[in-house]
1. Please find, among Ile131, Ile156, Ile139, the residue that is within 30 Å of Arg92 (Cα to Cα) and aliphatic (A, V, I, L, M).
2. Specify which of the listed residues (Glu85, Glu100, Glu48) is surrounded by 12 or more Cβ atoms within 10 Å (Cβ to Cβ) and in contact with a helix residue (DSSP H, G or I) (Cβ under 8 Å, 6 or more places away or on another chain).
3. Could you check the stretch 240-352 for strands (runs of 3 or more DSSP E) lying wholly inside it with 2 or more residues that are small (Gly, Ala, Ser)?
4. Just checking, which of Gly31, Gly26 is of a type outside the set (Asp, Glu), touching a Lys or Arg at 6+ places or on another chain (Cβ under 9 Å) and within 15 Å of the ligand (Cβ to nearest atom)?
5. Read through the list (1) more than 16 Å from the ligand (Cβ to nearest atom); (2) assigned to a helix (DSSP H, G or I), then give the number of the only condition that Gly226 fails.
6. For the list (1) near the ligand (Cβ under 10 Å from one of its atoms); (2) small (Gly, Ala, Ser); (3) in contact (Cβ under 8 Å) with a residue 60 or more places away in the chain, I need the number of the one condition that Ala256 fails.
7. Among the residues of the stretch 196-247, count how many are of a type outside the set (Ser, Thr, Tyr), at pLDDT below 95 and closer than 14 Å to Trp299 by Cβ.
8. Quick one: which residue in Lys205, Lys201, Lys215 is in contact with a strand residue (DSSP E or B) (Cβ under 9 Å, 6 or more places away or on another chain) and more than 16 Å from the ligand (Cβ to nearest atom)?
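The values are calculated or read from the model by the stated rules, or taken from the named source; none is laboratory data. The shown structure was predicted, so the numbers you read here are calculated from the model rather than taken from an experiment. Don't worry about glycine lacking a Cβ; one is built from the backbone with ideal geometry, like all the others, and counts go over all protein chains shown.
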Amino acid sequence: MDKIVALCKRRGFIYPGSEIYGGLTGTWDYGPLGTLLKNNLKNLWWKEMVQLRNDVVGIDAAIMMNPKAWEASGHVEAFVDPLIECKVCHARFRADKEDEIKVHIQSHEGKKVEWTNPKKFNLLVKAYLGIIEGEQSEIYLRGEITNGAQVNFKNIVDSTRVKIPFGIAQIGKAFRNEITPGNFTFRSREFEQMEVQFYVKPDEKEAEKWYEYWKQNRMDFYVSLGIKKENLRFREHEDKERAHYAKKAVDIEYNAPFGWSEFMGIHNRGDFDLRRHTEYSGTNLSYKDSVTGEEYIPWDIETSAGVDRSLLFLLIDAYQKDGERFFLKLDPRLAPYKVAVFPLLANKEDLVTEARKIYQTLQKDMMVAWDDRGNIGKRYFAQDEAGTPFCITVDFKTLEDKTVTVRDRDTAKQERVKIDKLPEYFQNKLK
Ligand code: GAP
C-alpha cells in the first residue's frame, strides 16, 4: 500500500485533499493522471451500462435534495454506524471494525483499554442552504446517489419509452461522515459512486433472476478490465449487516493488501424506496403495464460501485514487478496516456521537430504524453509507472528512413514502425 500511495503522489494520480493546509481527513484530490484514469473508468462503465444496453437510461440528479427525501429513504433514522470511544485517548471507532480496534489497543502497549458503550452515529453530512444568516435550512449532502434515481422514477417513465424491466444509471459524488476514514481512498468522506437501479416486477423469482444476473454481470465487468479473477470473490451479507433498505445483499470483494474488502454491492431493495417516497411525497410512484393494465410498485435490484475504490483496486492489481522494473499493467482502455513520444535528444532540432509532428498527429485521437527530459531509461521508467502502454522514440534513423522505435510497456520489447503506419498500428493495439 505504501508503494501505491507514494506512486500515486509521485506521478500525479492522487494527492491528499487540501494538503498545503494540513489536509482534511477522508478527502483526496485527483491529479492529471488520476483524473484521466477516473474518466476512462467512468466512460467504460457508462458505455457498458447505458450505451450498449437498450433497457437502461442515464441521469444526473442534484447532490442537494429536499431533506424530506432523506427521511423517506430511511437515512435520517437508519443510516448509522455503531460508534465507540477509547476511554484512554478518546479516539473514535466503528464498533463493528474489530481489526481496527485490535490495532488501536496494541498502540496503547499493554495498558488496559476500556471503551464507551456503542451509540448510533448518523453518517449523513449536513449543510445549510439559504442567504439569510439564522434563516438557513438544514439539508444533507447525499449519502448515496440512489435517491436521485428513485425520486425521478415517475419522470423517467413519463418522459422516455422505458418498460419494466428497466434501469436508471447514474454516476456522481456521495458524502459520508465516516467515523474512521482510512486505507487511502478506500474509505473516504467524499467519494463517487456508479449505480444502476434496475426495476423489475414485484415477484421473488423475477427479483432473484435479476439479482443473479447483475452479480455475474458486474463480476465479468471487473475481470474484463484486467483484475485477476483470484483476487475477486462474492460475499453474501448476513441478516444483521444488511442496510436498512435491503432484502438481500452481496458484495464483490477484492483481495486488498489490507485484507478482503468490499469493492461494490448488489442489493435487492424490494419496493422499499418507491413505496416510502410514495408515502412521504404523496406522489404515486407505481408503474402501470400498458399491455396487461397491471399496476404495481416495482422492486429495485441495485448495483452500486465506488469509483474511487474501483480505481484503487485497479491500480493495486495492475502494479507489477519484472526483474528490477516496476510497471502498471493497466488495460489500455483505462491507461491515462495511451502513448508517449520522445525525441532521443532534446537539443537536436530535427529530432524534436519530427517528434512534435508525431505527437500532434496522434493527439487528435488519444491522450499522448511528451517527454524530452533526462535519458531514455528514465523516461521509460516514468511511463511504466504511469501505465502508458507504448513509448515512441524518434532517433537519428528516423530522419533517414521515417521509422520510429515503439516500445511495449508489458514486454519491454521494441520494434521499428513506419511513421505513416502509427495511427493504424495503435488503433489495432489499443482496442
Ligand atoms: N446505494 C447503495 C450504496 O450506497 P453502499 O454499500 O453503502 O451501498 C456502495 O456503497 C459502494 O460505494 C461501496 O461498495 C463502495 O464501493 C462505495 N463506498 C461506500 N462508502 C464509501 C466510502 N466511505 N469511501 C469510498 N467508497 C465508498
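1. Ile139
2. Glu48
3. Because the criterion is at least 2 residues that are small (Gly, Ala, Ser), the strands (runs of 3 or more DSSP E) in the stretch 240-352 that meet it are 248-256, 259-268, 299-306.
4. None of the other options fit; the residue is Gly26.
5. Result: Gly226 fails condition (2) only.
6. With respect to (1) near the ligand (Cβ under 10 Å from one of its atoms); (2) small (Gly, Ala, Ser); (3) in contact (Cβ under 8 Å) with a residue 60 or more places away in the chain, Ala256 is out only on (1).
7. Number of matching residues: 2.
8. Going through Lys205, Lys201, Lys215 in turn, just one is in contact with a strand residue (DSSP E or B) (Cβ under 9 Å, 6 or more places away or on another chain) and more than 16 Å from the ligand (Cβ to nearest atom): Lys201.
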